[in-house]
Amino acid sequence: MWLLSGTAAVALLAWMPMPLAAQGRIVVHPNDTGAALVNPGMGWVFHHYDNDIVRYGSKLEPWDTVDEFPAVGVIYLRLAWAFIEPQEGRYDWSIVDIPTQRWIAKGKKIAFRFTCFESGGNNNPVNATPEWVVKAGAKVYPVRPRAGAAASPVLRYEPDYDDPIFLEKLDHFYAAAAARYDGDPNVAWIDVGTVGIWGEGDPGPERNVTAATVRKHIDLHIKHFKRTLVAYNDNLTFRGKGLETIAYAKEKGLTLRDDSILCRPGQEAFFTHYYAGAFWPRLPVILESEHYGLSMQRGDWGDGNDYLRAVEAGHGSYISVHWWPREFLEKNRPLIDRITLRMGYRLQLLEASLPPEVPASGSLTVSQRWRNNGVAPCLPGGFVAYTLKDQKDGIAGVFVDEGFDVRTLAVGAPDQAQPTVRDAAFQLPHVSILKPGTYRVFVSVGSRIGTPGIALPLSGDDGQKRYPIASIRVTEPSAR
């Protein structure tokens, strides 16, 4: 039961709430600080390699990880197969591991797409499928340059995605990749990226790819990546054809990736968001915009607010920066800040009520009201903990509400999601463990044993994702 009056709002200027004597409870209403949070299973995504090996993060100095960009969670590497396996069975993983270690050292995760057909150009003087695969007899199709395009330094070809030799060699490559990366906690996901130009499913004009082909490549990925999340690209539906592949991807446990938002303006800025409903309640949806500069040149970007609309409609957890990151930040800072406050999940403690004092070995009852102010569920899940610290910042008590998983919090429009109201009663330990005295109460969300794991938009972080909300007294044990 909530013991509130019309004047129950408490200003948390120094995180020292005043007790409401009439009700006999301390009631606090923490304010959302507006901070950009880095949390598991969500965040901005930098494209490190994209189309070729010289953009967009690959021109950064080794020490430069664009730390000023808020809430970056993942670094994405889209690499042609040929760069990694230039000779059969001989792999150059350094092209992957060197940049990833820079970002992992900053607490970021990495994600991959290994492609078999790229657009090419003078900065990418190889075909995405290695030459040795063609020499082994795999069927390929020459690619004619687009009208007005600069001449390529090499003859371009697209593989036959059903060719048995091609698939055999690709299978071996994925076995090697999975041996290194599958299940690594630093890997957020891997895309199904082996069909169509840029791995987006669209074949060249001479080719026709069927839904059966897509299912075959999904199977190849999940055959090897059994512990890492695999992402299905919305363009693998071939713009309205072969929608059964969406159902197949869901059945096989893949998540959804929506590529190239804002390739068109206005109402066509995004148009496959209705697929997301099959995925976002259980898996993180990944959104990618068109290359920002190209979208600007065509006049499709506008003020960028269509990207935020796509985040809302698609319930996006991972949102891509598909351009040079500093330029994108400089030109779009207000938009970035708005998206940052909505992407993924954002757990808000709207109200907490607790007694000003509790007898040692007695019962501590905390009433609480929580809201998720993001567009997606808190898919990693977690449990609310209240930690008591003494005057020297020592942990004197930890109490976890194991009956309340924050994953169950509803999502909704900004500031409109239905809050969860809950009372939790904790039995204080024997007086020899938790002695009488005055303690600061910290709130956190994390594991069942009280280890914090999710950042909250609250003030006073103790450096371990615990946040002070009140002070209480533990008194001498009650007489029996």
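Computed values, structure above
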| item | result |
| --- | --- |
| For the stretch 276-391, alpha-carbon Rg and Dmax in angstrom | 20.2, 69 |
| Fewest-first sequence of Leu308, Leu294 by Cβ atoms within 10 Å of each Cβ | Leu294, Leu308 |
| Part-to-part distance (alpha-carbon centres) for the stretch 163-214 and the stretch 31-67, which is given in Å | 24 Å |
| Label-point separation, Glu88 to Val38 (7 Å along Cα→Cβ), nm | 4.3 nm |
| R0 of 25 Å, Cβ-Cβ distance Asp219-Ser119: FRET efficiency to nearest 0.05 | 0.40 |
| Isotropically averaged projected area of the stretch 207-352, using the convex hull of Cα atoms (one quarter of hull area), nm² | 11.3 nm² |
| Sequence-separation-based contact order of the stretch 43-340, relative, with Cα cut under 8 Å and 6+ spacing, percent | 17 percent |
| Proximal lysines relative to Lys139, as straight alpha-carbon distance under 19 Å, when same-chain residues fewer than 8 apart are discounted | Lys169, Lys216 |
| Crossing angle, helix 94-104 versus the chain [Cα axis fit, 0-90 degrees, rounded to tens] | 20 degrees |
| Given 10 as the ceiling on other Cβ atoms within 10 Å, longest exposed-site-free region of the chain for GluC sites (Glu not before Pro) in DSSP loops | 207-480 |
| Base-10 log of normalised Debye intensity for the chain (one unit scatterer per alpha-carbon) at q = 0.12, 0.14 Å⁻¹ | -1.03, -1.29 |
| Using alpha-carbon coordinates, inclination of helix 325-340 to the longest axis of the chain, degrees | 50 degrees |
| ³J(HN,Hα) computed for each position of the stretch 300-307 - Karplus, 6.51 cos²θ - 1.76 cosθ + 1.60, integer Hz, glycine/proline x | 8, 6, x, 8, x, 5, 5, 5 |
| Proximal aspartates and glutamates relative to Lys59, as straight alpha-carbon distance under 15 Å, when same-chain residues fewer than 8 apart are discounted | Asp50, Glu327 |
| Euclidean distance between Cα centres, the stretch 427-480 to the stretch 377-420, Å | 12 Å |
| Calculated from backbone phi, Karplus (6.51, -1.76, 1.60) coupling profile of the stretch 184-199 in Hz, x at Gly/Pro | 5, x, 8, 9, 7, 6, 9, 7, 6, x, 9, 10, x, 5, 6, x |
| Distance (nanometres) between label positions extended 7 Å along Cα→Cβ at Ala413 and Thr438 | 4.6 nm |
| Qualifying lysines (Cα of each under 24 Å from Cα of Lys465; at least 8 residues distant if same chain) | Lys106, Lys108, Lys109, Lys389, Lys392 |
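Here, each number is a calculation from the coordinates, and none is a lab measurement. None of the values given here were measured: they were computed from a predicted structure. Methodologically, a virtual Cβ is constructed for each residue, glycine included, from the backbone with ideal geometry; neighbour enumeration extends over all protein chains shown.
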